[in-house]
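Working notes for the structure below.
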Amino acid sequence: MAALRLRVGHSAQRNCRFWVNNFEHLWINRRFGWTPAPRQQIEEAYKETSETIVVPRRKTWSKEAVLEALASTVSRDLTAFPHRFQDDPYLSPQTFAESMTYTLTHQSGTSAAKYFISCNPKLFTKDFAEPHIPCLMPEAVPLHLEEVTEEALKERISLRKVSAAVDLHDQLLQVGTAVSMETTHDLLDLICLHCDRDPDREGEPELEDFVEESDKKVKKKKWNVLLSKRTNSTWKENNNAERIFHLLPERDARCYSALIRGMVMHGAYAKAFSCYADMLNARLAPDLHIFNALLSAAFHLRQNSMERRDFLLELLTQMSKQEVQPNLQTFNSVLGSLRHCGVYGKPTSLETLNEMKALGIAPSLTSYYYILQIFNKREHVHESNRFVTVLLQEMMSLLEGQRLTCQGPDDVYFFMTAVKICVAYKDMELAYKVQSVVEFGENWRLLGNPYQQKVFYGNFFSLLCMLEPVDAVLAWYRRHYPSLYYPSHVELGNLLQALDTDSRLDLLPAIWNDIRCLRYDTNASLMEELLSLMSRDRHSPEVQRSFGECALEVQRAFEENKERLGLVLSSTALSNVTALLLRADKTQQAWDMLPLFKSRNRVPREDLMEECLTVCRGGGGSAERAVELVQLSAAFSLSATSRLAKFTLAQFQLTEEQRAVLSDLESAGLAETPVNVHRRT
């Protein structure tokens, strides 16, 4: 019995192994009806597939891969403040001035920290950051090689110690040690780049002397000198770069290249072209970098627009003869110089774009910016000259849907110039295309610094207020304020005009709240315009009540800033506040405003006096108060005094004494000798 069970078990095991090994073949035969040709093809394909299996190599991820993946899942939050303001919610700016102050404070603290780290690198030896962040570690590293060797010179060059490198180079020449040409090239590049000055500890002795001075005038003078030294790094005559260059026994094209590019960078344009002429006389072939530098500075050597254009073409001809292939920077240098060639630069700039297209070089934002500047002259902004909008339309078509990267320092001026053109020619459709390119991906980073961003959004918002319905204006406004955009008082005035154009004055109280948050409740003209719009027409009782509350807040803002800023309510503004209070059924507060006209030498409007009498007649006042209004009108010598007196005599129950006074005012037009009031509107 046991032997039988063992035999049955072996048989079942063999059958299972057979079915497992032939399951795929059986399934193929089932699908293709047991035909031999398809079965043979599938078997061959299966054999080839099994033979070409390649095990993939292990993927090596960077240390920032997880952070990058998480960042890609989060889009830009338009309702949040910029990241630099999120450390302390109390410091969230409410105005553009505050945002600039906080930004500059942040940059000042960063600069101070970098200066302290560069002066005391030994205090910062531990690195706790994971992954390593090089910008948080000290850049200045102490010298390890003190002997007079070429290796020590290379170390000083790599650490960007200009003065130390020049001194060590002179010591090597004094002891008769020859310096290799490669090291000399690096030294000349360093000196020309930093204009023969140390980049890190620049101006430190003068700053210490400036702090120790006690005389304020001397302090101011030294501070201005210090600023000029820091900002205007001009090329000095016979500096260390020229001295080392003339000491070389043999000069190659790389030496001339360093010197010419340094001269162009630091404003010595005539000397750069003189050095270029010496290079040609020495029968050396200039490289691409030399031509790029000379093309960007060519317009400085010619006064006439035509001469500048011809000089540029001459340089390009020489470049062609030298068989030097241009790059993007070459064409940008040409376009940048053509901006100074007047009308002669327009056809040449279009030819330059065609040449870029022929060579397969895609223009950058800097190229487009220069083209717009060439064709968008301020004196030619006219509806009949819209070729610049055609160019901008084509540029937007090329840039649409692209993730842009910064390829030059002038890239940040393109979008600001583009939206200014849209405003000049009142082209809303084109402005929407510019905004769509800006908001695609991370292209908004190319708007530039906070001031350039304000210019871009401010111009776009002004164009919206001018051409779009108020719903579209408010939708854009609520989406971008205060996360990206702080409107100025001029732009808020444009918003008020847009509300007036679309008859949406019921939204004025909400705009007043934004005016207070933006700290523009100190702007008298903006608040007077707000009062004028609210008091011009009559509205529903609910709207009038909100207008009355808003008028009280405006009047309170004037009173709070009266002593500090000297703000005073004009006659028109005071009349508007009183009228709004009357319409909002705040009668007592309106009566309290009337004595302010006389105490502040303000003349009320005639229609305001009539409106006050109407309120008195409707039960909002007494006959005695009506007589006081007529006497106040007479005190200001208003022409409506007699008419007001007649209305009061007919509509109010008066005493004999009051009737006698009003009868005199009705007949003579004056109650007493007029008060000598200086009228101001």
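The values are calculated or read from the model by the stated rules, or taken from the named source; none is laboratory data. Just so you know, these numbers come straight off a predicted model, no measurement behind them. Ideal geometry is used to build each Cβ from the backbone, glycine not excepted, and the neighbour counts take in all protein chains shown. The accessibility values were calculated without ligands, DNA or RNA, using every heavy atom of the protein model including side chains. Shrake-Rupley method; radii C 1.70, N 1.55, O 1.52, S 1.80 Å.
General remarks:
- Residue match in region 396-407 (condition: under 17 Å from the mean Cα position of the chain (by Cα) and open to solvent by less than 20 Å² (accessible area, probe 1.4 Å)): no
Conditions tested, residue by residue: (1) part of a helix (DSSP H, G or I); (2) hydrophobic (A, V, I, L, M, F, W, C); (3) closer than 22 Å to Gln393 by Cα.
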site	(1), (2), (3)
Trp444	yes, yes, yes
Phe460	yes, yes, yes
Met466	yes, yes, yes
Ala475	yes, yes, no
Leu492	yes, yes, no
Gln497	yes, no, no
Trp512	yes, yes, no
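- A single entry from Tyr413, Tyr369, Tyr432 fulfils the requirement of being in contact with an Asp or Glu (Cβ under 7 Å, 6 or more places away or on another chain), of a type in the set (Ser, Thr, Tyr) and within 21 Å of Asn459 (Cα to Cα): Tyr369.
- Number of the condition not met by Gln589 [criteria: (1) outside any helix (DSSP H, G or I); (2) surrounded by fewer than 22 Cβ atoms within 10 Å (Cβ to Cβ)]: (1)
- Comparison of Phe647, Phe636 shows that the only residue that is within 22 Å of Leu580 (Cα to Cα), at pLDDT 75 or above and surrounded by 14 or more Cβ atoms within 10 Å (Cβ to Cβ) is Phe636.
- Only a single item in (1) open to solvent by less than 70 Å² (accessible area, probe 1.4 Å); (2) at pLDDT below 85 is not met by Leu172, and it is number (2).
- Scanning region 556-575 for residues that are part of a helix (DSSP H, G or I) and in contact (Cβ under 8 Å) with a residue 24 or more places away in the chain yields Ala557, Phe558, Leu565, Ser571, Thr572, Ala573, Leu574, Ser575.
- Put simply, of Tyr102, Tyr90 the only residue that is aromatic (Phe, Trp, Tyr), modelled with pLDDT of 80 or more and either over 23 Å from Ile133 (Cα atoms) or open to solvent by 70 Å² or more (accessible area, probe 1.4 Å) (or both) is Tyr102.
- Yes/no for Ala140 being within 20 Å of Asp198 (Cα to Cα), over 31 Å from the mean Cα position of the chain (by Cα), small (Gly, Ala, Ser) and modelled with pLDDT under 85: yes
Results for (1) open to solvent by 10 Å² or more (accessible area, probe 1.4 Å); (2) in contact with a Ser or Thr (Cβ under 9 Å, 6 or more places away or on another chain), shown as yes or no for each residue.
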| residue | (1), (2) |
| --- | --- |
| Phe415 | no, no |
| Met428 | yes, no |
| Ala431 | no, no |
| Val438 | no, no |
| Gly458 | no, yes |
| Arg478 | yes, no |
| Asn494 | yes, yes |
| Asp502 | yes, no |
| Pro509 | yes, yes |
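- Looking only at residues in region 282-297 that are assigned to a helix (DSSP H, G or I) and touching a Leu at 6+ places or on another chain (Cβ under 9 Å), the one that is surrounded by the fewest Cβ atoms within 10 Å (Cβ to Cβ) is Phe291.
- Filter result (surrounded by fewer than 14 Cβ atoms within 10 Å (Cβ to Cβ), in a helix (DSSP H, G or I) and either of a type outside the set (Ser, Thr, Tyr) or in contact with a strand residue (DSSP E or B) (Cβ under 9 Å, 6 or more places away or on another chain) (or both)) within region 518-549: Arg536, Pro541, Glu542
- Here Thr578 does not qualify as closer than 29 Å to Arg545 by Cα, open to solvent by 50 Å² or more (accessible area, probe 1.4 Å) and part of a helix (DSSP H, G or I).
- Boolean, Gln303 is loosely packed, with under 14 Cβ neighbours inside 10 Å and polar (S, T, N, Q): yes
- Residues that are among the small types (Gly, Ala, Ser), touching a residue at least 12 places away in the same chain (Cβ under 8 Å) and out of contact with any Leu (no Cβ under 6 Å at 6 or more places or on another chain), drawn from region 636-658: Ser637, Ser639, Ala640, Ser642
- In region 440-456, residue nearest to Ala97 (Cα to Cα) [restricted to those that are among the aromatic types (Phe, Trp, Tyr) and surrounded by fewer than 18 Cβ atoms within 10 Å (Cβ to Cβ)]: Tyr451
- Long-range neighbours under 8 Å by Cβ, at least six apart or interchain, first residue among the hydroxyl-bearing types (Ser, Thr, Tyr) within region 304-324, second surrounded by fewer than 19 Cβ atoms within 10 Å (Cβ to Cβ) and assigned to a loop (DSSP other than H, G, I, E, B): Ser305/His340
- Selected residue [among the acidic types (Asp, Glu) and open to solvent by less than 50 Å² (accessible area, probe 1.4 Å)] from Glu606, Glu611, Glu563, Glu553: Glu611
- Inspection of region 436-452 identifies no residue that is farther than 30 Å from Phe375 by Cα, at pLDDT below 90 and among the aromatic types (Phe, Trp, Tyr).
- Note on region 49-71: among residues that are open to solvent by less than 90 Å² (accessible area, probe 1.4 Å) and not in a loop (DSSP other than H, G, I, E, B), the one that is farthest from Ala475 (Cα to Cα) is Ser50.
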